[in-house]
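Just so it is clear, none of the values below were taken in a lab; they were calculated from the coordinates. Since the structure is predicted, the reported quantities are computational estimates derived from the model, not experimental observations. Here Cβ is always computed from backbone atoms with ideal geometry, including for glycine, and neighbour counts include all displayed protein chains.
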Amino acid sequence: MPARAYWSGQLRLALVSIPVEIYSATRSSASIALNQIHKPSGKRIKLEKTVPGIGEVDADDIVKGYEVEKGEYVLLSDEELEDVKLESRKTFELVQFVDASEIDPIYFEKPYYVVPKDDLAEEAFGVIRDALRTTKKIGLGQLAMRGHEYLCSLKPCGRGMVLETLRYADEVNKANQFFRAIPDDKPPEELLELATALITKRTSAFDPAKFHDHYKEALQALIDAKRGKAPAKPEAPEVKPSNVIDLMSALKASIEKGGKSDAPAKAVAKKPAAKANKAPAKAPPPAKPARKRA
């Protein structure tokens, strides 16, 4: 377990308060960090805090401020910000419970592991955890951390629980402004059946270990090659733009290949079939017999 908790306080349900700690459930160190470098010297570029007309300033002279007019700020010291009293700074109170399916995944932001702070808290912690599991509900509440008050959800996770910060309603763009131009026509039944069959063929249990960050691996290989630690990998094949026009043929070919996409079928445009109700072409009139001479 990490040496330092991200937040420490009380988990409250009505009159029951449990001391808990939360730890980040994800790592940002998994990605490769690139720095800005001065190419002629090879030295890292340093970003300095400056004030126009004054130059570089000392860290002790920096305070936070809120812009009320262009170039006019209300200054706030760390002590003043610390004095902003919110109960959610030290208490995460469960105020509502909902079914997991009620929360659109777009609202979920960042997960944290929740654990009891000491041995005395373990029993009450386990009761709330198992009650959530039995009722298949998610608890909701608000929690203040590092200058922000977050809407949060709480659900069981193994022996512990997971708290996830949620976006507020005004932080999510309305989908209809992006989707309104998409036609609402129902697709042909045969195409829908083929697409459904293809999805069924490629359905399996979720295993995140099967997926890798290919960009990170290629970038690491490039870095190793430039350092002389490993030979450079061959260039990746050019990815050509999609040319799927005959959707029916593409779906059928995909299903025949077992749903694999390593050798996608190349679909080509087909001429539209003649309409069934089109009138047949008229036969040419019979030739007139030649006149006999008298």
Inset, instruction - Give the share of C-alpha pairs in each 5 angstrom bin for the range 22-72, from 0 to the last occupied bin, in whole percents, shortest bins first. - result: 4, 11, 11, 13, 14, 15, 17, 12, 3, 0
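Multiply the residue separation of K90 and Y66 by 0.36 nm, subtract the distance between their alpha-carbon atoms, and state the gained length in nm to one decimal.
Details: separation 24, 0.36 × 24 = 8.64 nm, distance 2.52 nm.
Extra length available between K90 and Y66 comes to 6.1 nm.
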Inset, instruction - Using the number of other C-beta atoms within 10 angstrom as an exposure proxy, rank Y66, Y150 with the fewest first. - result: Y66, Y150
Legend entry - Nonlocal amide H pairs with K110, under 5 Å, H built at 1.01 Å: T165
Inset, instruction - Just need the relative contact order of the range 1-73 here, percent rounded to a whole number, with Cα pairs under 8 Å and 6+ apart. - result: 14
Legend entry - Alpha-carbon Rg with Dmax, taken over the range 150-206, Å: 19.1, 48
Inset, instruction - Percent of Cα-Cα pairs per 5 Å bin, from 0 to the last occupied bin, for the range 20-104, please list those. - result: 3, 7, 8, 10, 13, 13, 15, 14, 8, 5, 3, 1
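Just to be sure I follow: if Rg is taken over the C-alpha atoms of the range 78-175 and Rh is the Kirkwood radius over the same atoms, what is Rg/Rh?
Details: Rg = 14.7 Å, Rh = 14.7 Å.
When Rh is taken as the Kirkwood radius, the ratio is 1.00.
Full-extension gain between F179 and I255, please, as 0.36 nm times their residue separation minus the C-alpha to C-alpha distance.
24.4 nm
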Legend entry - E164, E217 arranged by Cβ crowding within 10 Å, fewest neighbours leading: E217, E164
Inset, instruction - Could you list, in their original order, any pairs among K90/K210; K136/K210; K64/K90; K49/K110 whose Cα atoms are separated by more than 32 Å? - result: K90/K210
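How big, in percent, is the set of alpha carbon pairs in the range 76-131 lying more than 20 Å apart? Walk me through the numbers before you get to the answer.
On the way: 798 of 1540 pairs.
For the range 76-131, the fraction of Cα-Cα distances above 20 Å is 52 percent.
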Legend entry - For F92, F125, F97, F108, order by how many other beta-carbon atoms lie within 10 Å, fewest first: F108, F97, F125, F92
